[in-house]
Amino acid sequence: MPPYRSLLASLAVAATLSACSSTPATDAAPKKEPMTETNPLLAPWVGPYGGVPAFDQMTLADVKPALEGGMQRNLAEVDEIAASAEPPSFDNTIVALEKAGRDLSRVFTYYGILSSNLSTPEFRDIQ
């Protein structure tokens, strides 16, 4: 199991327990702001078979902001699920958590390939 998957599983359990809590949350979860797709690592892939990574459009300078942006988006998605006013169910908790984090997953695809094939001082700083 990749390390980030165990983190996501932990977040899923926390979100489920939070959603099942009998004490209502006092603060409403912040609304997820729509982010522009200026970073090619966060952009949805295009092409046949679900698309392909846009290695021709990315630079190393895109990696760290994409990782941070992907993590922020993923946490916002989990917070939104946990703060739902609906009673927890399989669809609005488990299915929603499975769908969360797709942006971060795309970024980790780039990161994994780069970390396996690129050993420059610039990339080691990102690692």
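Whenever you get a sec, line up 41, 97, 60 from highest to lowest accessible area (probe 1.4 Å, protein heavy atoms).
From most exposed to least exposed: 60, 97, 41.
Hey, can you rank 103-111, 69-77, 87-95, 116-124 by average C-beta count inside 10 Å, highest first?
103-111, 69-77, 87-95, 116-124
Is any residue of the range 96-118 close enough, with backbone N under 13 Å, to a label point placed 7 angstrom from the Cα of residue 127 along the Cα-Cβ axis, and if so, which?
111-118
The values are calculated or read from the model by the stated rules, or taken from the named source; none is laboratory data. Nothing here was measured: the structure is a model prediction, and the numbers come from that model. With ideal geometry, Cβ positions are generated from the backbone for all residues, glycine too; neighbour counts draw on all protein chains shown. The area values use the complete protein model at the heavy-atom level, side chains included, leaving out ligands, DNA and RNA. Shrake-Rupley method; radii C 1.70, N 1.55, O 1.52, S 1.80 Å.
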